[in-house]
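One structure below.
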Amino acid sequence: MFIHTVDRVLNLLTDNTDLEPCGTATTYLLNRVIVDLRSNTLDLTTTTTLSESLIDLANHQILVYPYKDVPACWRRLLTDASLGMACCLSMRLNNECGTTEVGWETEQRTWRKVIKVLDLAIVVAGAPGTNRREIIDEFIDRAQQRLTELRRASAYPLSTAHVTPSSLEPSSPRGQKRPRLEDINPSPSTISSSFPPLTLPENYPLVIHPIHRPTPIPSLLSFSSHINSPNPTPLIISEGAISHWPAFHPPRIWSDPSYLLSVAADRVVPVEIGSRYTDEAWTQRMMRFGDFVNKYVLEGAGYQKPNGADGSTITQDAPLKPCTSIRSTDPKLIAYLAQHDLLAQIPRLRRDIAVPDYCYLSPEPAPEYPTPPATSDAVITNAWFGPRGTVSPLHHDPYHNLLAQVVGRKFVRLYAPGEVKKLYPFEGMLENTSQVDVEKPDHAQFPAFADAKYVEGILSPGEMLYIPPKWWHYVRSLDVSFSVSFWF
Ligand SMILES: O=C(O)CCC(=O)C(=O)O
């Protein structure tokens, strides 16, 4: 089955005119990879090393430039060399299967490596070039399905090692810009089929100046006139906002860790580690989705492993037990899959949501707002998934925003653009971010903050928050939370 995919990849890679700016030596070496794979008479070790070197070269070149200025040829080289590498790995496994009995570990290692290499081509390079993205999605889907099948058949566990490609670390803070768990993990009994129910966290906020919740929810027309009014204000759209989404509609598949893992356990995704991006210790890592869910989300949600929070594998002998206390607030243990277009990376998850019609109203450009996002549908979609206690510090963005809450609750506080003088933005790259810790302000250092006017609210599952452009917003999750934002 993979061999058929490999053939198609090799046909695609033959067209390498777009790689010419990388130099003749580079195109020659990529051709060598294709020729070796086609003949398949070698053990392909050298070919794998060659693909790896081309990947390194591309990563190196990509890091030389600010991302927006990276010459297209290097992103394309990363994509094509990664596809070459995925083919080498699958052919070697296939050849080995022909001669010896290949163990689970070897097979798992191979498919994980294939997924990692291809995910990095998507996340780092954007997988440019004719049909590249489609074939990458197909390759990854097959590899993920194979891993899921093998786990289902043999009850093999997930492992929890981090992958930290140097090409993505360290990274810049975002403010700067920039089938079921039993299939995956050992046994249905070890993990709840849903994140824990909503309870009252210790630091549940008191809402004093609530955000307006229009009833009935706004028609397209009234929403359009609201967002085009001179000073649009935040709204919470409470009813029916996302009730038709498969992600939210009962049985609420996104509230079920086993579903999420069956779709994405071995995918490699960017995760923010640390309580907030303004902290010194904050960093970003590429990590397997399954490791992120096990180590940070399930543990953070009030489940503990008998051996402590060491990131070790959750196995059948080591079932998760409900934790008696609220999880530690150690910032190192807080991790957030934040502001990442996860749904573009994993098309199966994209099918679980729908872009709200409100996003297609083409808001009037206003002098202080830039043009709509330069994407094909003029909408930028981001996923925000993490445990209780993630914080997005007070900041603003240049677009209209609909933040849809699928799982768990979030506390949100918003300040109008005119309050900026009382919000003490950082200088330089983080000028869209306030220095003030909204829920624990240092009044001596930031005396005017106490006078800043605001609105706030608890965003519950099924609700959607409208944030006007340039409105300052602070967000803290009160539960395991999964939201999707749409900038338009
Ligand atoms: O949900 C969050 O943590 C932050 C959301 C946000 O900042 C946004 O949608 O722009």
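Would you mind stating whether residue 383 is in the same structural domain as residue 268 (by TED's automatic domain parsing) and either at pLDDT 95 or above or touching a helix residue (DSSP H, G or I) at 6+ places or on another chain (Cβ under 8 Å) (or both)? Criteria met by residue 383. Residues in the stretch 5-47 that are more than 13 Å from residue 80 (Cβ to Cβ) and acidic (Asp, Glu) were compared, and the one that is nearest to the chain's Cα centre (by Cα) is 7.
Restricting to the stretch 210-268, count the residues that are among the hydroxyl-bearing types (Ser, Thr, Tyr) and part of a helix (DSSP H, G or I). Summing the residues that are among the hydroxyl-bearing types (Ser, Thr, Tyr) and part of a helix (DSSP H, G or I) in the stretch 210-268 gives 7. The condition (being of a type outside the set (Asp, Glu), in contact with a Lys or Arg (Cβ under 6 Å, 6 or more places away or on another chain) and assigned to a helix (DSSP H, G or I)) is satisfied by just one residue among 110, 106, 47, 79: 79.
Of the listed requirements (1) away from the ligand (no atom under 13 Å from the Cβ); (2) within 30 Å of residue 239 (Cα to Cα), residue 430 misses just one: (2).
Residues in the stretch 444-455: is at least one crowded, with 22+ Cβ neighbours inside 10 Å and within 13 Å of the ligand (Cβ to nearest atom)? Looking through the stretch 444-455, none of the residues is crowded, with 22+ Cβ neighbours inside 10 Å and within 13 Å of the ligand (Cβ to nearest atom). Which one of these is at pLDDT 90 or above, more than 22 Å from residue 203 (Cα to Cα), assigned by TED's automatic domain parsing to the domain that holds residue 268 and away from the ligand (no atom under 13 Å from the Cβ): 369, 358? It is 358.
Against the test of being out of contact with any Cys (no Cβ under 6 Å at 6 or more places or on another chain) and either farther than 26 Å from residue 265 by Cα or surrounded by fewer than 23 Cβ atoms within 10 Å (Cβ to Cβ) (or both), the options 119, 56 yield a single qualifying residue, 56.
Among residues of the stretch 466-488 that are away from the ligand (no atom under 11 Å from the Cβ) and acidic (Asp, Glu), those with a Cβ under 8 angstrom from a residue that is assigned to a strand (DSSP E or B) and modelled with pLDDT of 95 or more, sequence gap 6+ or separate chain, pair up as 479/407.
The values are calculated or read from the model by the stated rules, or taken from the named source; none is laboratory data. What you are looking at is a predicted structure, and each value in this text was computed from that prediction instead of being measured. Positions of Cβ are backbone-derived with ideal geometry, glycine not excepted, and every protein chain shown enters the neighbour counts.
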